[in-house]
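Written below as structure tokens is the structure these notes are about.
The values are calculated or read from the model by the stated rules, or taken from the named source; none is laboratory data. Since this is a predicted model, take the numbers as computed values, not measurements. In this analysis, Cβ positions are derived from the backbone assuming ideal geometry, glycine residues included, and neighbour counts consider all displayed protein chains.
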Amino acid sequence: MVDQKQIDFKEFVEKMSGYRGRHTELVSVLIPAGYNINAVVSQLEAEKSTANNIKSRSTRNNVIEALEKIIRELKQGKQKYENGIAIFCGNTSLDEGKPNIEFFVIEPPQPLNTRLYRCDQTFVTDPLIEMTETTEVYGLLVIERKEATIGLLEGTRIKVLQKMTSGVPGKIRAGGQSSQRFARITEGMAKEFYRRVAETMKEEFFEMKKLKGILIGGPIPTKEEFLEDGQLVTALKNKVIAVKDIGYADEHGLGLLVEAAQEELVEQDITKERKIMEKFFTILGKDPGKGVYQYSKVKKVLEMGAVDTLLLSETLEKPIIKELTTIAEQMGTTVILVSNETDEGKQFTSLSGIGAILRYKVHL
């Protein structure tokens with residue numbers, strides 16, 4: 001489930017990242033959250049004086065014009081910005097001798113910590129790109145004696161990181177070996193496997209700054225044995241927020257683990273998405289007058305101001321998302337972008353990917 005503002009911000013950053021100038025005449029100015037604008041204006045005034053030394057007359061004029069536009073914008077704006085501000089300005093024309101000085105500005109959705117001025121052939125967008133990435137992730141492990149799968153939950157996306165096998169035999173070997181000796185051998189092999197899994201988890205997760213928690217699943221008592229005998233480093237063991245009974249230790253098991261841990265993940269996007277989609281499908285089945293899907297019907301009720309929540313699949317074409325979102329914003333309607341990563345999201349996509357939960361019943 002994605003916020004429209006995040007989508008717009010990501011599109012803006014992608015657009016800025018795509019510009020390439022003919023010369024070093026694209027100016028980037030990033031101002032941190034709460035930073036005093038006057039100090040930046042003073043710096044840019046000094047940079048404008050320095051730009052007078054640029055040998056190429058056209059490049060010099062384009063850079064100075066870009067700086068003047070930025071300075072003018074800052075002088076007319078606020079003294080401080082709560083989340084900071086990012087300004088990009090410069091000659092985006094690829095035709096020599098036909099300059100096109102374009103100006104772009106955006107306030108980031110979260111506090112910007114970078115102060116930067118640069119004049120280059122590209123705009124500097126790396127600090128903004130970091131803001132478009134998922135801010136919180138969860139480590140996943142499903143394990144049994146013969147195999148284990150380590151994964152990651154990023155928003156609504158489940159990603160497989162490692163698949164491992166133990167080599168622990170399932171049955172007593174023939175050849176006169178005593179069952180007790182065989183049991184000791186297999187126990188030793190299992191503990192060694194647990195330690196290998198723990199070491200791999202350390203390699204994958206220990207330096208992961210965005211890691212919010214770890215979910216572990218598996219059959220009884222394997223997952224408990226892993227936590228007891230696997231020697232998982234304390235820092236990661238302290239991040240374990242849920243241990244669930246799961247019958248699979250493969251990729252399917254990762255999905256089952258996330259479903260089983262919904263209570264622990266109540267604030268996660270994947271859980272929020274499932275809940276809103278369950279609500280939508282329930283309304284369609286039990287109270288169809290308060291639920292609508294398909295482009296023409298949803299657009300009609302949107303324009304009537306009857307929509308409480310607009311649901312749009314992220315697989316839709318951008319012009320359609322933009323059109324319906326614009327109408328929704330005018331009507332005070334909540335907009336939710338639905339991923340295609342969950343079963344509910346895929347079902348919604350097959351149902352046109354456009355739906356609405358209404359404020360009141362409408363018969364179309």
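Comparison of V197, V124 shows that the only residue that is among the β-branched types (V, I, T), outside the structural domain of Y35 (by TED's automatic domain parsing) and within 30 Å of L211 (Cβ to Cβ) is V197. When the criteria are applied in full, A261 fails the requirement of being of a type outside the set (D, E, K, R), farther than 28 Å from I150 by Cα and within 26 Å of the chain's Cα centre (by Cα). When T282 is tested against the conditions (1) within 30 Å of Y138 (Cα to Cα); (2) touching a helix residue (DSSP H, G or I) at 6+ places or on another chain (Cβ under 7 Å); (3) surrounded by fewer than 18 Cβ atoms within 10 Å (Cβ to Cβ), the lone failure is (2). Only one of the numbered conditions (1) in contact (Cβ under 8 Å) with a residue 60 or more places away in the chain; (2) part of a helix (DSSP H, G or I); (3) of a type outside the set (V, I, T); (4) out of contact with any Gly (no Cβ under 8 Å at 6 or more places or on another chain) is not met by F348, and that is (4). Scanning region 77-119 for residues that are under 15 Å from R20 (Cβ atoms) and among the basic types (K, R) yields a single hit, R118. Selection of first residues in region 78-98 that are aromatic (F, W, Y) and of second residues that are crowded, with 21+ Cβ neighbours inside 10 Å, restricted to Cβ pairs under 6 Å at least 6 apart or on distinct chains, gives the following pairs, ordered by first then second residue: F88/S28; F88/F123. Going by the conditions given, is K209 in a loop (DSSP other than H, G, I, E, B) and over 28 Å from S313 (Cα atoms)? It is true that K209 is in a loop (DSSP other than H, G, I, E, B) and over 28 Å from S313 (Cα atoms). Contact map, region 123-139: first residue under 16 Å from D269 (Cβ atoms) and acidic (D, E), second residue modelled with pLDDT of 95 or more and crowded, with 18+ Cβ neighbours inside 10 Å, Cβ cut-off under 7 Å, separation 6 or more or different chains; the map is empty. Of all the listed residues (K55, K69), the sole one being free of Cβ contacts under 8 Å to residues at least 12 places away in the same chain and over 30 Å from the mean Cα position of the chain (by Cα) is K55. In the set L337, L302, L311, which member is touching a strand residue (DSSP E or B) at 6+ places or on another chain (Cβ under 8 Å) and at pLDDT below 95? Step by step, each of L337, L302, L311 is checked, and only L337 is touching a strand residue (DSSP E or B) at 6+ places or on another chain (Cβ under 8 Å) and at pLDDT below 95.
Residue-wise test of (1) acidic (D, E); (2) surrounded by fewer than 18 Cβ atoms within 10 Å (Cβ to Cβ).
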{"residue": "F104", "(1), (2)": "no, yes"}
{"residue": "L152", "(1), (2)": "no, no"}
{"residue": "P169", "(1), (2)": "no, yes"}
{"residue": "E187", "(1), (2)": "yes, yes"}
{"residue": "E192", "(1), (2)": "yes, yes"}
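Among the candidates F281, F226, the residue that is of a type in the set (F, W, Y) and farther than 20 Å from L153 by Cβ is uniquely F281. The numbered conditions (1) surrounded by fewer than 21 Cβ atoms within 10 Å (Cβ to Cβ); (2) closer than 30 Å to T165 by Cα; (3) touching a residue at least 24 places away in the same chain (Cβ under 8 Å) are all true for L254 except (1).
The single condition among (1) farther than 30 Å from I320 by Cβ; (2) surrounded by fewer than 16 Cβ atoms within 10 Å (Cβ to Cβ); (3) within 22 Å of the chain's Cα centre (by Cα) that I214 does not meet is (2).
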